[in-house]
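The values are calculated or read from the model by the stated rules, or taken from the named source; none is laboratory data. Since the model is a prediction, treat every value here as computed from it, not as a measurement. Every residue, glycine among them, receives a Cβ derived from its backbone with ideal geometry; neighbour counts consider all protein chains shown.
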């Protein structure tokens, strides 16, 4: 009987380890999906700093926070962001602005060496809802400030982007598309300030 117990315990440990190994974590990132607005923008020499970017504490997690009901969320332990979401969003907006405005001089707030950038963009993400197989929802307030004279253009972007598949990769793609929509709005504000330049 004792010998059977000694054999059974290691077998249980092996079975548990195999069960854990059968569900590896998957890591996702957001990507720039914005397209250049027009050929004329390709000659822009504007310099822009993106950041700071703030996000709700509820989604400031390594795990993807999934909306499971009107007042309920869940942390998905096996589906995670490859880098902090706050940094991920800032990077994507910066890359989107490079594409839309045609300027390579777009940097991130934490890494910028350009203290005299033409424009600074601050973003407060207020909603970043993830419903796999349904939609990615983005709600954000942002402000574009011209460094030279402090003139500012505030704005708000609210987007509900349908998810094209059931997987988390499709969810990340929908969030990327939502960020591209916000980047278009921000680029429009920068263009508006440029048109008003004396």
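Observations, loosely collected:
- Extreme residue, surrounded by the most Cβ atoms within 10 Å (Cβ to Cβ), among residues of segment 161-186 that are touching a helix residue (DSSP H, G or I) at 6+ places or on another chain (Cβ under 8 Å) and free of Cβ contacts under 8 Å to residues at least 60 places away in the same chain: 163
- Test: residue in segment 144-164 that is out of contact with any strand residue (DSSP E or B) (no Cβ under 9 Å at 6 or more places or on another chain) and under 23 Å from residue 34 (Cβ atoms): yes
- Index of the failed condition, residue 192 passing every other in (1) more than 18 Å from residue 124 (Cβ to Cβ); (2) touching a strand residue (DSSP E or B) at 6+ places or on another chain (Cβ under 8 Å); (3) modelled with pLDDT of 95 or more: (3)
- Checked against the criteria, residue 113 does not count as over 17 Å from residue 64 (Cβ atoms), modelled with pLDDT under 95 and in contact with a helix residue (DSSP H, G or I) (Cβ under 7 Å, 6 or more places away or on another chain).
- Among (1) more than 15 Å from residue 131 (Cα to Cα); (2) out of contact with any helix residue (DSSP H, G or I) (no Cβ under 8 Å at 6 or more places or on another chain), the one test that residue 69 misses: (1)
- Filter pass, residue 10 being at pLDDT below 95 and farther than 19 Å from residue 126 by Cα: yes
- Exactly one residue among 124, 77 is under 19 Å from residue 171 (Cβ atoms) and surrounded by fewer than 20 Cβ atoms within 10 Å (Cβ to Cβ), and that residue is 77.
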